[in-house]
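One structure below.
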Number of protein chains: 4
Amino acid sequence: MNTFGRNLRLTTFGESHGKAMGGILDGMPGGIKIDMDIILRETARRRPGQSHLVTARNEKDIPELLSGLTDDMVTLGTPIGFIVRNTDQRSGDYGEMAELYRPNHADFTYDMRYGLHEPRGGGRASARETLNWVIGGAIARQLPCMKNISVKANVASIGGIKGTREELEKVVESAMKRGDSVGGVVECVIEGVPAGIGNPVFGKLHARLAQAMMSINAAKGFEYGDGFSAASAYGTEQADIFTSDAGHIHTLTNHSGGIQGGISNGMPITFKVAFKPTPTLLCDIETVDKEGHTRILRGKGRHDPCVALRAVPVVEAMTVLVLADEMLERNIK
Amino acid sequence: MNTFGRNLRLTTFGESHGKAMGGILDGMPGGIKIDMDIILRETARRRPGQSHLVTARNEKDIPELLSGLTDDMVTLGTPIGFIVRNTDQRSGDYGEMAELYRPNHADFTYDMRYGLHEPRGGGRASARETLNWVIGGAIARQLPCMKNISVKANVASIGGIKGTREELEKVVESAMKRGDSVGGVVECVIEGVPAGIGNPVFGKLHARLAQAMMSINAAKGFEYGDGFSAASAYGTEQADIFTSDAGHIHTLTNHSGGIQGGISNGMPITFKVAFKPTPTLLCDIETVDKEGHTRILRGKGRHDPCVALRAVPVVEAMTVLVLADEMLERNIK
Amino acid sequence: MNTFGRNLRLTTFGESHGKAMGGILDGMPGGIKIDMDIILRETARRRPGQSHLVTARNEKDIPELLSGLTDDMVTLGTPIGFIVRNTDQRSGDYGEMAELYRPNHADFTYDMRYGLHEPRGGGRASARETLNWVIGGAIARQLPCMKNISVKANVASIGGIKGTREELEKVVESAMKRGDSVGGVVECVIEGVPAGIGNPVFGKLHARLAQAMMSINAAKGFEYGDGFSAASAYGTEQADIFTSDAGHIHTLTNHSGGIQGGISNGMPITFKVAFKPTPTLLCDIETVDKEGHTRILRGKGRHDPCVALRAVPVVEAMTVLVLADEMLERNIK
Amino acid sequence: MNTFGRNLRLTTFGESHGKAMGGILDGMPGGIKIDMDIILRETARRRPGQSHLVTARNEKDIPELLSGLTDDMVTLGTPIGFIVRNTDQRSGDYGEMAELYRPNHADFTYDMRYGLHEPRGGGRASARETLNWVIGGAIARQLPCMKNISVKANVASIGGIKGTREELEKVVESAMKRGDSVGGVVECVIEGVPAGIGNPVFGKLHARLAQAMMSINAAKGFEYGDGFSAASAYGTEQADIFTSDAGHIHTLTNHSGGIQGGISNGMPITFKVAFKPTPTLLCDIETVDKEGHTRILRGKGRHDPCVALRAVPVVEAMTVLVLADEMLERNIK
């Protein structure tokens, strides 16, 4: 349950307020030069505290790669172990929460599942876990086969508003001032995937992307191609007519979102992910404690008002992990 | 790629116009009485040809259970093998299609993936494969632990229209008369799942449901709880406040859709699946053949104008398989 | 637990006295011509009743291939489903045994594991299950990559006696006349595996062969290369010195048995499997029933006095499945 | 390939001369108190440099547990990440070896597999990897279900000699003085496993033990119960007659080694593992370099003359991991 992938497997560990996050990326072929700067660039993109809109946690999040590489940073074909120390663990912030079930958090469900939960910052349920995913994705992105593939995610809307980055930030600021949080949609476009990648039946490429995206904290929905709007449409409106340019077969439109029958058709792969508002609010809220007594949860702590903003590099990382896995399955390195 | 599940594993085979469909359900505990009528009821629900709205294929789809059961139909704890003969294989219908790439079908992508494709009816990409899933689900539904769980799917809208069954059927009929097809949304409500079912990180219950639903032919989107509309909402609107009735902790609202942090919270689990219109049209359409030459694909054959209608028992079956797998993981039989 | 392999996966079902045996071979690439005669040849090799030395069960064991193939028997890249009907099920033979725990059989342990057991012929514990493995192996053997690899097993000794086929058969006949059974060792030599096949750590080629061989009914031991005798030897005696002939690096001796660090080195791969005597005896024997009461188990029925004799094609089939899996992992088709 | 287990999964990383060894143990239930002293005791047992008979490498091998535990060392049910820094990496010792293929080592096969190999100490092929296994086993040993199970391995013979510890050490010393190495057999007895643990067909308990044991460096053979000697025996000699004491059914003898049909029968589980002599010799030896030129490999470095001696705690650790996995599958915590 802490392993993702089949040919390229990322296994992770770490509670947000424990000693360290970390993981093992197993399945990278030998002989690939790894650029540490790419890893640092990606972890910086997801790092909190970069602007006034995201949480003020200030860890530097610099991973230490412990194995699987020569001194010259060339992969040996063996598993790449990595850790990131948690340096900013002000667990006192969460003292009261240890007793209370925070609404829309996983405190209650973890208690039901494991008989106990890590009260400091959500433990494994914290979005800090996605740091491991971004590191895994940043390594996988350096596979030669991935260098021809462009994976670009961006925020499509926040609070139902589409607009420029500035307009979207205003929506977030406004929510933040009220101690509120707000949802958003991230869209992703993948270009350069050759036709024939993916599998049928239970291994469909879009089903794997769905599973990957729905694993991201606060994700509530996934659609690819025309998605839910295809459910309101007619077949004649959705037909992606094939054509051929100098022997290169492709479609004139892309309602399908680049995948047919679970396998890529060579067109851009497009999908969207819906994220709910950050569940932590900075206003007081009624809840219960473990005994079921009514209690007031006082809003404090450091949190992002909009998960969707920080999810962008995570969506890309998980997409890269899915695609790299599929490419390696077809022995494309 | 033809296996679904971890503790309860369904492995399937069969091309729609080959000799037989079939599968192996592995992981059913011993000592459970299996009622063949429940299996026949479920396969009848998904069978084509039941009304003028769905394809006229007339196979009786009666599965033969070949192993894993005593003569009295009690499970032995060993794998249950089953087959369903394909009795209605008029493969001549597809003669022309063998040469052409049908838009929005998997002919082209299978060719890119495997170097060839089964031209008769789509092979493994045919929705006939879901017969195997319905059989697997109908057996899994008979686990004692599943008898307390209600899984009910129904069509929420067709062509963007919500309404009674009659109104929805009119939308389909109207499309059918024009030789067109139409999309739809299926919603599912699960009641009776105890709190604490599911897993965190990469094993989230909703991520597994997403993967299961996106495996169904023509699925384009998945959302749970408030789904995409949560992405337009504020945190204060989405908070599911905890309360306690005589020591039973639950939430007052259910924006979360019964799952928090990937684990059930005891509330009803709710999700929706978007299905695109059936890609096969009964009007002529331009396409290319394997050499890339422009050709006219003449619409004929027997096909459902609305996949969503027939998907209802398939959505239920896949839901049952996911839940049964999770229950068995927690050793609840 | 009924699935073997990772890239080429054989999932099986069937009780020896149920309706049918069968399986699904998933992972065969598309475009490979399958020769039914090779399958029939292999199933004939393991078929009981071929001589006076093996059981008189007379099923013809002709598998029906149900999917994954064109009409011309070319693989589609999709799973190959197959069944073999059980036509000779004289279950009356086992009436008394339903109540008794047969020594060295799995009746008692299955009861402990599942709460019940299939009394007729051992259910899944019967050696009839290996028919599924031989069918899977006979298909896998037809992969182009396997055609250059020679897998030859033979009986090395019976009852501790090495000798010609005639001498070995005399040992078996002598045991049979006394109503007794006898153990034996099967050895296997694989030629043509290129250097570099296999994996380190938990995926070692010899560990996978060990697991495969120990899965065969009545197997008690596995060794490769010099095996147990290497444990009595000194390092200077075991060194396989490297040499080079016209750039081809190989070793002068083969104490290693063709594998170093879990990966093939291009030399012949050699291993041995120890089989205990058939546990069924044709003399009376004391045992207990389910309530623990002492009872006499009267020897009757049809059984092989020497499992090792019939294990030869099974050893080969499982070896082929392991090697094909490894070759496909390296994308050698 | 770097993951072992199904319900309790150990995933490992680390080259012997890289920065660190480490792993992730996933699947430990929540609420279990972990005693660090037990982990240190087990790692101390396998540590080199404890006597003049084993290599002088002097790392302290103290693991750091990074996640999955409360401050009070109680498991959270989440993955336990751990690392052990490599502090003694005198890689200069191996300078010459980078060019040469050492006989009976994995240098040549890793080059064939990955296109390169880590020349310093064997990389992943080094026995230092087993440190990760011992740590994983020492944690798993603390499961409540394992506390009733006794797993005891010891050296049964060295160089073919059975005897007291003193006699065996003399055999090793004598080999060491000559710059030679020597093989040995480790035997293991497991007591306290209840009847009904394990699985049939491809999940047989002895097949999993075989795979686990054959994963240990230098293992050449595995046998359980009477093993290879059963292959020289008659059925009447091997029959383990059932009897009943006050309703407790057991066998009078234990030729079966505690397992029938892949499932434990409640008797002690017994097996043996053959280890070849350490391949590294301290005398000069002829070999080839990567270009196939003949070279002299000069014996030096720090190595154990007898792998079997140090394998004892590794055999126990892998046994514990197999058993814990099976117990958790049956939900026995």
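Just to be sure I understand, how many residues within segment B:161-189 are within 13 Å of chain A (Cβ to nearest Cβ), part of a strand (DSSP E or B) and open to solvent by less than 10 Å² (accessible area, probe 1.4 Å)?
3
If you go through segment D:206-215 one residue at a time, do you hit one that is in a strand (DSSP E or B), surrounded by 16 or more Cβ atoms within 10 Å (Cβ to Cβ) and basic (Lys, Arg)?
In the first step, residues of segment D:206-215 are kept if they are in a strand (DSSP E or B); the result is none.
Taking every residue of segment D:206-215 in turn, none turns out to be in a strand (DSSP E or B), surrounded by 16 or more Cβ atoms within 10 Å (Cβ to Cβ) and basic (Lys, Arg).
Which of the residues that make up segment A:315-333 are open to solvent by less than 20 Å² (accessible area, probe 1.4 Å), of a type outside the set (Gly, Ala, Ser) and within 30 Å of C:Leu8 (Cβ to Cβ)? Reasoning before the result, please.
Looking only at segment A:315-333, we keep the residues that are open to solvent by less than 20 Å² (accessible area, probe 1.4 Å), and these are A:315-327.
Narrowing the set further to residues that are of a type outside the set (Gly, Ala, Ser) leaves A:315-316, A:318-323, A:325-327.
Within segment A:315-333, A:Met318, A:Thr319, A:Val320, A:Leu321, A:Val322, A:Leu323, A:Asp325, A:Glu326, A:Met327 qualify.
For residues that are at the interface with another protein chain (Cβ under 7 Å from one of its Cβ atoms) and of a type in the set (A, V, I, L, M), tally how many sit in segment A:207-253.
Residues flagged as at the interface with another protein chain (Cβ under 7 Å from one of its Cβ atoms) and of a type in the set (A, V, I, L, M) within segment A:207-253 amount to 9.
Mind listing whichever residues of segment A:23-45 are in contact with a helix residue (DSSP H, G or I) (Cβ under 7 Å, 6 or more places away or on another chain), small (Gly, Ala, Ser) and either farther than 27 Å from B:Met1 by Cα or at pLDDT 95 or above (or both)?
If the condition is that a residue be in contact with a helix residue (DSSP H, G or I) (Cβ under 7 Å, 6 or more places away or on another chain), small (Gly, Ala, Ser) and either farther than 27 Å from B:Met1 by Cα or at pLDDT 95 or above (or both), then A:Gly23, A:Gly27 are the ones that fit.
Got a number for residues in segment C:228-271 being part of a strand (DSSP E or B), open to solvent by less than 30 Å² (accessible area, probe 1.4 Å) and not hydrophobic (A, V, I, L, M, F, W, C)? Full working, then the answer.
Looking only at segment C:228-271, we keep the residues that are part of a strand (DSSP E or B), and these are C:234, C:242-245, C:248-251, C:259-260, C:263-264, C:269-271.
When the remaining residues are screened for being open to solvent by less than 30 Å² (accessible area, probe 1.4 Å), the result is C:242, C:249, C:251, C:259-260, C:263-264, C:269, C:271.
Okay, now just the ones that are also not hydrophobic (A, V, I, L, M, F, W, C), so C:251, C:260, C:264.
Count: 3.
Do the conditions hold for C:Gly192, that is, is it more than 14 Å from the chain's Cα centre (by Cα), more than 7 Å from chain D (Cβ to nearest Cβ) and at pLDDT 95 or above? Can you show your working first?
Values: more than 14 Å from the chain's Cα centre (by Cα): yes; more than 7 Å from chain D (Cβ to nearest Cβ): yes; at pLDDT 95 or above: yes.
In short, yes.
Which pairs turn up if I take residues in segment D:254-266 that are within 7 Å of chain C (Cβ to nearest Cβ) and look for partners that are assigned to a strand (DSSP E or B) and open to solvent by 10 Å² or more (accessible area, probe 1.4 Å) with beta carbon separation below 9 Å, at least 6 apart in sequence or on another chain?
D:Ser256/D:Tyr224; D:Asn265/D:Ile249; D:Asn265/D:His250
Can you confirm whether C:Thr270 is of a type in the set (S, T, N, Q), out of contact with any Lys or Arg (no Cβ under 9 Å at 6 or more places or on another chain) and within 8 Å of chain D (Cβ to nearest Cβ)? Outline the logic, then answer.
On the way: of a type in the set (S, T, N, Q): yes; out of contact with any Lys or Arg (no Cβ under 9 Å at 6 or more places or on another chain): yes; within 8 Å of chain D (Cβ to nearest Cβ): no.
No: the conditions fail for C:Thr270.
Tell me which of these A:Gly247 doesn't satisfy, since it passes every other one: (1) on the phi > 0 side of the Ramachandran plot; (2) of a type outside the set (Phe, Trp, Tyr); (3) touching a residue at least 24 places away in the same chain (Cβ under 8 Å).
(3)
Just checking, how many residues over segment B:5-25 are closer than 26 Å to B:Ile332 by Cα, at the interface with another protein chain (Cβ under 8 Å from one of its Cβ atoms) and open to solvent by 10 Å² or more (accessible area, probe 1.4 Å)? Walk me through how you get there before you give the answer.
Initial filter on segment B:5-25 (closer than 26 Å to B:Ile332 by Cα): B:5-12, B:23-25.
Adding the requirement that they be at the interface with another protein chain (Cβ under 8 Å from one of its Cβ atoms) leaves B:9, B:11-12, B:23-24.
Okay, now just the ones that are also open to solvent by 10 Å² or more (accessible area, probe 1.4 Å), so B:9.
The qualifying residues number 1.
Just name the residue that is nearest to D:Ser256 (Cα to Cα) out of those in segment D:216-225 that are open to solvent by 10 Å² or more (accessible area, probe 1.4 Å) and in contact with a Gly (Cβ under 7 Å, 6 or more places away or on another chain).
Going through the qualifying residues, I end up with D:Gly225.
Of (1) at pLDDT 95 or above; (2) within 17 Å of the chain's Cα centre (by Cα); (3) open to solvent by less than 10 Å² (accessible area, probe 1.4 Å), C:Cys306 satisfies all except one. Which?
(1)
Which of the residues belonging to segment C:74-102 are at pLDDT 90 or above and touching a Leu at 6+ places or on another chain (Cβ under 8 Å)?
Scanning segment C:74-102 gives C:Val74, C:Thr75, C:Leu76, C:Gly77, C:Pro79, C:Ile80, C:Gly81, C:Phe82, C:Ile83, C:Val84.
Hey, does segment C:195-203 have a residue that's in a strand (DSSP E or B) and touching a residue at least 60 places away in the same chain (Cβ under 8 Å)?
We begin by selecting, within segment C:195-203, every residue in a strand (DSSP E or B); these are C:198.
Add one more test, that the residue is touching a residue at least 60 places away in the same chain (Cβ under 8 Å), and what stays is C:198.
There is at least one residue in segment C:195-203 that is in a strand (DSSP E or B) and touching a residue at least 60 places away in the same chain (Cβ under 8 Å).
Is it fair to say A:Val312 is surrounded by fewer than 22 Cβ atoms within 10 Å (Cβ to Cβ), among the hydrophobic types (A, V, I, L, M, F, W, C), assigned to a helix (DSSP H, G or I) and at negative phi?
Details: surrounded by fewer than 22 Cβ atoms within 10 Å (Cβ to Cβ): yes; among the hydrophobic types (A, V, I, L, M, F, W, C): yes; assigned to a helix (DSSP H, G or I): yes; at negative phi: yes.
Answer is yes for this residue.
Could you list, in sequence order, the residues of segment D:273-301 that are more than 15 Å from C:Ala239 (Cβ to Cβ), buried (at least 21 other Cβ atoms within 10 Å of the Cβ) and more than 8 Å from chain C (Cβ to nearest Cβ)?
The answer is D:Val273, and nothing else.
The values are calculated or read from the model by the stated rules, or taken from the named source; none is laboratory data. These numbers were taken from a predicted model, which means no experiment stands behind them. All Cβ positions, even for glycine, are placed from backbone atoms using ideal geometry, and neighbour counts span all protein chains on display. Areas reflect the complete protein model, heavy atoms only, side chains present, ligands, DNA and RNA absent. Shrake-Rupley method; radii C 1.70, N 1.55, O 1.52, S 1.80 Å.
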